[in-house]
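Heads up, the thing below is written out as structure tokens.
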Amino acid sequence: MNDSLTRLKNAVRDVPDFPIPGIVFKDITPILADPKLLATAVEWFADQARGQGVDAVVGIDARGFIFSGAVAHALGVGLVPVRKKGKLPWKTESVRYALEYGENELQIHQDAFAAAKRVCIVDDLLATGGTALAAARLAEKAGGEVAGFAFLIELRFLKGREKLAAYPVASAIAY
Ligand code: AMP
């Protein structure tokens, strides 16, 4: 890992038992608050997306939005949001997926890829991969082509990468 990624990793704050007992939450707000670290993170994402040869960035609700807008701007491409159910105002495609407890539903606008097709999907963290896989299915339902994924953090022990085996996956920091 190079020095700048080590500095990113050192800034991630572990918060035990949030939001529920047994989860160690990876808090990225110390990275966001530091201009140099934020720039490093955005540049890392932009390098991944550029390498995947994309013409749009897909951001996942909600922490994925923090990076995806900046990355799309850096590449000079557009941003497509994947949102939690009920947030998008136009006609949508939906995918439901299982969480550890219960289930979740994500949506994308049906016309999201009218202007662009090949996308990099951006989120802050890859855990089990359920959220990311649902975002890929949504992008494909709406006519997009998933070039790959980029995550600031990967929790390797949860094996999300295996769920995304059909796609290139990049992560800046792994645990
Ligand atoms: P998953 O679908 O299991 O890969 O979960 C990924 C989503 O949940 C991402 O959008 C993350 O923001 C969030 N998430 C899951 N586990 C954590 C964690 N330990 N710390 C911070 N965010 C997490």
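The values are calculated or read from the model by the stated rules, or taken from the named source; none is laboratory data. If you're wondering where the values come from, they're calculated on a predicted model, not measured in any experiment. When the accessible area is computed, the model is the full protein with side chains, heavy atoms only, and any ligands, DNA or RNA have been set aside. Shrake-Rupley method; radii C 1.70, N 1.55, O 1.52, S 1.80 Å.
Taking 23 Å as the cut-off for C-alpha to C-alpha distance, list the pairs among K9/K84; K26/K141; K87/K163; K26/K163; K36/K163 that go past it.
Distance filter (> 23 Å) returns K9/K84; K26/K141; K87/K163; K36/K163.
Express the accessible area of the range 49-174 per residue in Å², computed with a 1.4 Å probe while the remaining protein chains stay in the model.
With the other protein chains kept in place, the range 49-174 gives 46 Å² per residue.
With a cut-off of 8 Å between alpha carbons and a minimum separation of six or more residues, what is the relative contact order of the range 1-61 in percent?
For the range 1-61, the relative contact order is 24 percent.
Report in % the part of the accessible area of the chain that belongs to carbon and sulfur, leaving out ligands and nucleic acids; probe 1.4 Å.
Of the solvent-accessible surface of the chain, carbon and sulfur hold 54 percent.
Keeping all protein chains in place and using 1.4 angstrom, which order do Y101, Y175 fall into by accessible surface area, from largest down?
Ranked list, largest accessible area first: Y101, Y175.
Before anything else, pin down the relative contact order of the chain: Cα pairs under 8 Å, at least 6 apart, normalised by residue count, whole percent.
Worked out over the chain, it gives 18 percent.
Can you show me the helix-derived [θ] at 222 nm for the chain, built from DSSP H runs with n ≥ 4 at -39,500 (n - 2.57) apiece and divided by the number of residues, rounded to the nearest 500.
Helices in the chain give a 222 nm mean residue ellipticity of -10000 deg cm²/dmol.
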